[in-house]
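J.: The structure under discussion is supplied below as structure tokens; questions concerning it will follow.
The values are calculated or read from the model by the stated rules, or taken from the named source; none is laboratory data. Remember, it's a predicted structure, so these values are computed and weren't measured experimentally. Here Cβ is always computed from backbone atoms with ideal geometry, including for glycine, and neighbour counts include all displayed protein chains.
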Amino acid sequence: MARLAKTQEYTTNSAQETIALGERIAANLQPNSIICFFGDLAAGKTTFIKGLASKFTGCDVEEVNSPTFVYLNIYGEENKLFHFDLYRLKDSSEFLALGFDEYLYANGIACIEWSERIHSILPKECIRIEMKSISPDQRKIIIVNPLENND
Ligand code: ADP
Ligand code: MG
């Protein structure tokens with residue numbers, strides 16, 4: 001029987017609620033998880049990662065910001081989180097040329113904003129988080145985990 005990916009839908013009413021959701025998700029993640037974020041600018045991708053990264057690595061929420069000019073920020077020491085923002089990246093060959101694929105299997109968690117840039121090399125098992133603004137303070141957040149079932 002086909003295995004269905006587990007899908008969860010949330011609506012948050014403030015940045016703080018999105019951070020709290022990121023914290024909750026962090027508790028269920030295995031090392032080497034790859035989380036791909038989809039959503040426009042200001043959809044709340046970085047805000048979600050603030051909660052996730054601070055909970056998972058113990059870093060300060062304030063430390064987490066979009067690494068727009070360097071592509072990658074690394075948080076934590078024992079538990080590491082690799083935070084990519086690929087907005088300015090051309091394509092997956094540039095990603096590979098920079099040696100970034102190594103971080104996807106470096107025993108931490110990888111969070112990738114603008115992951116559509118490297119669509120062609122993303123593994124099937126990666127978790128997808130789609131975020132949408134529905135009002136200035138409301139966001140719809142859909143999380144799809146292909147490694148879990150809905151039942
Ligand atoms: P992205 O990384 O997707 O470009 P950011 O997380 O950097 O988005 O920015 C989201 C902006 O929207 C922040 O200024 C945040 O305070 C604001 N915001 C308002 N409501 C929410 C919400 N419910 N969830 C997340 N961010 C929100
Ligand atoms: Mg961002």
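J.: Take the residues of the stretch 27-44 that are free of Cβ contacts under 8 Å to residues at least 60 places away in the same chain and among the hydrophobic types (A, V, I, L, M, F, W, C): which is farthest from Trp114 (Cα to Cα)? Don't jump to the end; show me each part of the working.
T.: First, pick out the residues of the stretch 27-44 that are free of Cβ contacts under 8 Å to residues at least 60 places away in the same chain: 27-28, 30, 41.
Now drop any that are not among the hydrophobic types (A, V, I, L, M, F, W, C), which leaves 27, 41.
Details: Ala27: 24, Leu41: 10 Å.
It comes out as Ala27.
J.: May I pose another question? For the condition within 16 Å of ligand 1 (Cβ to nearest atom) and surrounded by 12 or more Cβ atoms within 10 Å (Cβ to Cβ), what is the one hit in Glu148, Glu94, Glu130? Give the steps one after another, and end with the answer.
T.: Details: Glu148 fails: within 16 Å of ligand 1 (Cβ to nearest atom); Glu94 fails: within 16 Å of ligand 1 (Cβ to nearest atom).
Answer to the check: Glu130.
J.: While we're here: Kindly provide the set of residues from the stretch 1-59 that are β-branched (Val, Ile, Thr), in a helix (DSSP H, G or I) and within 10 Å of ligand 1 (Cβ to nearest atom), ordered by number. Can you show your working first?
T.: Residues of the stretch 1-59 β-branched (Val, Ile, Thr): 7, 11-12, 18-19, 25, 34-35, 46-47, 49, 57.
Then drop every residue that is not in a helix (DSSP H, G or I), which leaves 18-19, 25, 46-47, 49, 57.
Scanning the stretch 1-59 gives Thr18, Ile19, Thr46, Thr47, Ile49.
J.: If you check Tyr105 against the conditions, is it of a type outside the set (S, T, N, Q), under 23 Å from Gly22 (Cα atoms), surrounded by fewer than 16 Cβ atoms within 10 Å (Cβ to Cβ) and touching a residue at least 60 places away in the same chain (Cβ under 8 Å)? Reasoning before the result, please.
T.: Details: of a type outside the set (S, T, N, Q): yes; under 23 Å from Gly22 (Cα atoms): yes; surrounded by fewer than 16 Cβ atoms within 10 Å (Cβ to Cβ): yes; touching a residue at least 60 places away in the same chain (Cβ under 8 Å): yes.
So Tyr105 fits the description; yes.
J.: Further, regarding this structure: Hey, among Phe48, Phe69, Phe100, Phe38, which residue is of a type in the set (A, V, I, L, M, F, W, C) and modelled with pLDDT under 95?
T.: On the way: Phe48 fails: modelled with pLDDT under 95; Phe100 fails: modelled with pLDDT under 95; Phe38 fails: modelled with pLDDT under 95.
Sole residue among the options that is of a type in the set (A, V, I, L, M, F, W, C) and modelled with pLDDT under 95: Phe69.
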